[in-house]
Amino acid sequence: MSRESSQSHEPGRYFFPVSPLMLFPQTKGEFAVYLKQAEAFVLYTRAEEVFTHETRQRLFDSGVQQVYILQKQKELYDRYLEDNLGRILGNSAIPSTERAKVFYGVSVDMIKEVFDSRLPDGLSRKLYDRLRRFVAQGLKFLGEEGSLKNVAKLISHDYYTYSHSVQVFVYACSVLQTFGYQDEDLVKIGVGALLHDIGKTRIPHAILNKPGRLTRREWEIMKSHTVQGAALCAGLPVGQQVINCVLFHHERVDGKGYPSGMTGEQITFPIKAISLADCYDALISDRAYAKGMSPFAALNLIREEMTGAFDMELYRRLVLVLSGADIV
Ligand SMILES: [Fe+2]
Ligand SMILES: [Fe+2]
């Protein structure tokens, strides 16, 4: 072990802890790993150094529960987690609560990147491939018993578009899994759910975050995020199913939605699931003009005051999925 040390009176400012279970044998991170001994942080492995089986085993043998990484290397660590996501989410030796944190953290970071990149030429192929890979790995984890419950503990009620996108993906896919949707179909729907509001990157902030009521003109601009989102996805080999999720997620069964106002059977079942999940998450999230409702109140409002807008079988499954995960 190298004996370089770094002292700090405020460790939280410089380091963050991770479980040694998150460091995988025969991988290398671009970040250094430290141990905490008394009040000092001691370098354990350098950046670019391969974690061998022995490096890791030594930590377990000496009962180390946490290792430390420099805050300024957090982005590098996050990228390492994303690269090793399949190994993390599928590893039952890692507690489900820890895996849920990785699942949620990686997805929010990735969506943040999608939204913050401003997408001058639409979504890049590279970013899309990363999203697709994440969804395929994330769905397996979501399908495990107890996962949703652990993800739900992390769900943010702040209405940031990227946490909202992840939450719509989680609710819609959890519900569709109960109907037997899986594999390639569900991956496409999951990507569509994650990207459903991507068109909001084209809407001015003053309209997106306006605390008061939108004028008729502003509302028309806001509604255009569906069409603009579909345009951002065009040019990628995403397939029509993904584009339809983006384009039609505000349609309603009673025909009162937008942009096309189509009704009932014209809207595919997965899109109905996304539109319900979208509405539910918007109601429970804090907005510029109102505080979020409790899950119970939101479900009540959907049933009592939005009669005809959503598919009731999907609604019942959403209630079941949420109560199974102790959310309502
Ligand atoms: Fe939307
Ligand atoms: Fe949305």
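The values are calculated or read from the model by the stated rules, or taken from the named source; none is laboratory data. Everything numeric in this text was worked out from a predicted model, so none of it was measured. Glycine gets a Cβ as well: all are built from the backbone with ideal geometry, and neighbour counts include every protein chain shown.
Tabulated results
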item	result
E265 in a helix (DSSP H, G or I), under 19 Å from Y181 (Cα atoms) and either more than 20 Å from the chain's Cα centre (by Cα) or not assigned by TED's automatic domain parsing to the domain that holds S163 (or both)	yes
Residue count for region 170-181, restricted to those that are surrounded by fewer than 24 Cβ atoms within 10 Å (Cβ to Cβ) and touching a helix residue (DSSP H, G or I) at 6+ places or on another chain (Cβ under 8 Å)	4
Pairs, first in contact (Cβ under 8 Å) with a residue 12 or more places away in the chain in region 268-288, second more than 13 Å from ligand 2 (Cβ to nearest atom) and among the acidic types (D, E), C-beta under 6 Å, six or more apart	K272/D311; D286/D158
In region 197-255, the residues that are under 20 Å from the mean Cα position of the chain (by Cα) and more than 16 Å from ligand 1 (Cβ to nearest atom)	V238, Q241
Among the candidates S163, S174, residue that is among the polar types (S, T, N, Q) and either touching a strand residue (DSSP E or B) at 6+ places or on another chain (Cβ under 8 Å) or at pLDDT 95 or above (or both)	S174
Top-ranked residue in region 17-35 [being under 17 Å from L59 (Cα atoms) and among the aromatic types (F, W, Y); ranked as modelled with the highest pLDDT]	Y34
Filter result for the condition that a residue is within 14 Å of ligand 1 (Cβ to nearest atom), over 22 Å from D129 (Cβ atoms) and not charged (D, E, K, R), over I271, I267	I271
Flag for Q167 being of a type outside the set (A, V, I, L, M), on the phi < 0 side of the Ramachandran plot, within 16 Å of ligand 1 (Cβ to nearest atom) and touching a helix residue (DSSP H, G or I) at 6+ places or on another chain (Cβ under 8 Å)	yes
Subset tally (residues that are in a loop (DSSP other than H, G, I, E, B), crowded, with 21+ Cβ neighbours inside 10 Å and either not assigned by TED's automatic domain parsing to the domain that holds R252 or not small (G, A, S) (or both)) for region 268-315	1
Helices (runs of 4 or more DSSP H) lying entirely in region 137-248 (those with 3 or more residues that are within 16 Å of ligand 2 (Cβ to nearest atom) and of a type in the set (S, T, Y))	161-178
Condition check for R132: charged (D, E, K, R), farther than 24 Å from A47 by Cα and buried (at least 16 other Cβ atoms within 10 Å of the Cβ)	yes
The one condition in (1) out of contact with any His (no Cβ under 8 Å at 6 or more places or on another chain); (2) part of a loop (DSSP other than H, G, I, E, B) that P259 fails to fulfil	(1)
Matching residues in region 249-273 - criterion: being within 14 Å of ligand 2 (Cβ to nearest atom), closer than 16 Å to M306 by Cα and among the aliphatic types (A, V, I, L, M)	A273
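For every residue, the table says whether it meets (1) assigned by TED's automatic domain parsing to the domain that holds I274; (2) among the aliphatic types (A, V, I, L, M).
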position: Q65; (1), (2): no, no
position: E98; (1), (2): yes, no
position: F115; (1), (2): yes, no
position: S124; (1), (2): yes, no
position: Y128; (1), (2): yes, no
position: L142; (1), (2): yes, yes
position: Q167; (1), (2): yes, no
